[in-house]
1. Within the set of pairs 6+ apart or on separate chains, which have a first residue in the range 110-125 that is within 23 Å of Lys69 (Cβ to Cβ), a second that is among the charged types (D, E, K, R) and part of a loop (DSSP other than H, G, I, E, B), and C-beta atoms under 7 Å apart?
2. When you look at Leu77, is it in a loop (DSSP other than H, G, I, E, B), out of contact with any Asp or Glu (no Cβ under 6 Å at 6 or more places or on another chain) and assigned by TED's automatic domain parsing to the domain that holds Pro134, yes or no?
3. Just a yes or no: is a residue in the range 25-42 buried (at least 19 other Cβ atoms within 10 Å of the Cβ), of a type outside the set (Gly, Ala, Ser) and in a helix (DSSP H, G or I)?
4. Name the residue that is modelled with the lowest pLDDT, counting only residues in the range 56-74 that are buried (at least 17 other Cβ atoms within 10 Å of the Cβ) and part of a helix (DSSP H, G or I).
5. (1) crowded, with 20+ Cβ neighbours inside 10 Å; (2) within 11 Å of the chain's Cα centre (by Cα); (3) assigned to a strand (DSSP E or B): which one isn't true of Phe274, the others all being true?
6. From the set of residues in the range 133-158 that are modelled with pLDDT under 95 and polar (S, T, N, Q), which is farthest from the chain's Cα centre (by Cα)?
7. Out of curiosity, is Thr165 farther than 29 Å from Gly75 by Cβ and polar (S, T, N, Q)?
8. Checking Glu413 against (1) under 18 Å from Ile528 (Cα atoms); (2) in a loop (DSSP other than H, G, I, E, B), only one condition comes out false. Which one?
Amino acid sequence: MANGSIAPDFNFTDIAGNSQHLYTYLDSGRTVFINVSAAWSSSSWNYHHTKYMDSLYNQHGVGVARNLKVLFIEGELTNDSIQLYGVSTNSTPSGFSTGNFTLNVPYPIIDLKTSTPGATNFMGVSGYNIHSFPTIMMICPDRRVTIVGQETTAGLYASRANCDTASVATDAELFTSSKANNALASCDSVTPTFRIANIGTAPLTQANITIKVDGVVQTNFVWNGSLSTYQSAVIPGHKVTAAIGGRHVVTAYVTNPNGVADPTIANDSAITSFVQYPSVGGAVINQDFETNGMPSDWVINNGGDTYTWENTTDGYSSSAATRLRCYYIPAGDVDMFTLYPMSFVGLTSPGLTFDLAYATFQVTDMDRLEVQTSTDCGLTWTTHYYKTGDSLATHAPVMSEFAPTSPYHWRKELVLLHNCADSANVSVRFKATSGYGNDIFIDNINVTESANVMEVSNNVKFNVYPNPASTNATINYQLAQNSKLYINVTTIYGEEVKTLELANKMAGNHYEQIDTEALANGVYFIAIHTDEGTTCKKLVINR
């Protein structure tokens, strides 16, 4: 769950038979710390055994001055209750235990099972999106979630300083989440999302809202509503824009709650940013990530997990690239990054190349990567490249977190963008959908005139004949070393019409047949993808 998100309510029964209702604790002004662990997880056991959360509870969770609550939740839904007590029945997550998690624990323990009402939602994407153990989070009285990590007792309690509690009659707060505005970009205007919260003891019914861009006021309005203590609401959308392209800072302020001065200035503002695209794109992009990593004017869209596209030192024969850690990201999360718009004016057959490294965790993994373009400032997108699982892989499955350590772990990919030819404003985005598999690495993103530079890699030689072809074509190719092979045929608009995936091929001379009888007359491109790179040639169908 993204930091700043609103915590969904839950009401579970602990192993002692007592009800543990989240919002009851929050409404009383207490900050709630939750350790979501699994009995089979050695990391969960190691952190639990530090007793940091025991000390947190003993020092601040009991007595007259108590101001927080600690909960332990066993989140492996498929095991039995005996695993919580240190009993192993097999070596799988559904039967293995690293120790007795209940011994001398002073705070409530909740043991979730698939049959527990609300447990699946709590663990899933509609709830807290838990996919790694342990996950340590803090929930403030205003329902904001923060993933605090495996902190010491002092570190956990220090994080509570970021939570506000109701101590006066009138106090308004503004905040936003790390996910709510993570992909704001437009050629025209954007609508940032902010929330207003009541941190006062009296109902909040009115406040003044000011929104500035780069310090200049763009809008003032009065918010009206009805919020009881610790409740929050989304402020109705108000568009903002900028006169020049690039990244801009948006700051929202709340003043005069219920017509009086706000006593706590520190929580009266929230900040986000957006990218203003130009009406005409800039120069074509050639990015090797070596200087400053991902440019600040690229837009990253985080699918909601802690991890998203990030800079890494594991590049293609270099010390820089970008990666997405699907090894940690739950299945279904979609993370994207969008390049700054480019002008393709003068390009008649544009194409994009990039270096890719990826290994599945196991052969059934279905991590997916797509390359898409938009010529209308992101209103609609066209997919030109789509690979998943083994067809995406450049390396054999790795049963641990993958990182490329050799140039042979990479493959150069060619994406034809002919539908964008001569367009004045082209956005390109890389869209990855996690299958909870393994990490994806991308390096050396380059836009080129693909019709003039058809051979992306001179290491792979091939010919296609007859050309023009009628009902079939023969591909004769030469491999300098053993390699996996993937052949695809695309239209001039990038639409894939035929694919051929082959097992490992020995070094040497090879022939493959392509059935072209179902293809309409016209121009196509045949691309051969191997461990050595990608080579593309033109094929004409004429009957």
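1. Going by the 7 Å Cβ cut-off, the qualifying pairs are Ile110/Asp14; Ala119/Lys113.
2. Details: in a loop (DSSP other than H, G, I, E, B): yes; out of contact with any Asp or Glu (no Cβ under 6 Å at 6 or more places or on another chain): yes; assigned by TED's automatic domain parsing to the domain that holds Pro134: yes.
For Leu77, the condition - in a loop (DSSP other than H, G, I, E, B), out of contact with any Asp or Glu (no Cβ under 6 Å at 6 or more places or on another chain) and assigned by TED's automatic domain parsing to the domain that holds Pro134 - is met.
3. For the range 25-42, residues buried (at least 19 other Cβ atoms within 10 Å of the Cβ), of a type outside the set (Gly, Ala, Ser) and in a helix (DSSP H, G or I): present.
4. At the first step, the residues of the range 56-74 found to be buried (at least 17 other Cβ atoms within 10 Å of the Cβ) are 56-57, 60-61, 68-74.
Right, trim to part of a helix (DSSP H, G or I) and you get 56-57, 60.
Working: Leu56: 96, Tyr57: 96, His60: 93.
Going through the qualifying residues, I end up with His60.
5. Evaluating Phe274 over (1) crowded, with 20+ Cβ neighbours inside 10 Å; (2) within 11 Å of the chain's Cα centre (by Cα); (3) assigned to a strand (DSSP E or B) leaves (2) as the failure.
6. Within the range 133-158, the match that is farthest from the chain's Cα centre (by Cα) is Gln150.
7. Working: farther than 29 Å from Gly75 by Cβ: no; polar (S, T, N, Q): yes.
So Thr165 fails the test.
8. In the conditions (1) under 18 Å from Ile528 (Cα atoms); (2) in a loop (DSSP other than H, G, I, E, B), Glu413 misses (2) alone.
The values are calculated or read from the model by the stated rules, or taken from the named source; none is laboratory data. Not measured: the values here are computed from a predicted model. Virtual Cβ from ideal backbone geometry, glycine too; neighbours counted across all protein chains shown.
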